[in-house]
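Heads up, the thing below is written out as structure tokens.
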Amino acid sequence: VQLVESGGGLVQAGGSLRLSCVASGCTFGNYALGWFRQAPGKEREVVGTISWSGDSTYAADSVKGRFTISRDNAKNTVFLQMNRLTPEDSAVYYCAAQPFGDGSTRIGSYAYWGQGTQVTVSS
């Protein structure tokens, strides 16, 4: 399974970005997906997760109401729409796949990880 993120970059506070993660080498519909982030000197943390069907999603309290996770199974792609970004959102963002999962928030539940995409929010 390979996961490739894109869409990161530099944006001003209050702006928006849309991250994408394309999966290959798997039956995409069999996987729950998650977005995680890691800022310098901090532990990796969950941002949002989505079940294999897309019917169930989770958003961390820190991003709830600003970030939305979605998926397009026909395109083997999971998205993270990020609005009203703040400097505290600056981090490397990773997507991850959980085989036959329910969208766990636990990092250890995810077997496959992308290389990450950098998001930098300037004040």
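Quick look at the numbers
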| quantity | calculated |
| --- | --- |
| Per residue solvent-accessible surface (Å²) - the chain, probe of 1.4 Å | 50 |
| Surface share of carbon and sulfur [accessible, 1.4 angstrom probe, percent] for the chain | 47 |
| For the chain, the fraction of alpha-carbon pairs in successive 10 Å shells from zero, as % | 15, 51, 29, 5, 0 |
| List D89, D61, ordered by accessible area with a 1.4 Å probe, largest first | D61, D89 |
| Euclidean distance between Cα centres, the range 77-100 to the range 1-15, Å | 8 |
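The values are calculated or read from the model by the stated rules, or taken from the named source; none is laboratory data. What you see is a predicted model; the values in this text were computed from it and never measured. We work out accessible area using only protein heavy atoms, side chains counted, and drop any ligands, DNA or RNA first. Shrake-Rupley method; radii C 1.70, N 1.55, O 1.52, S 1.80 Å.
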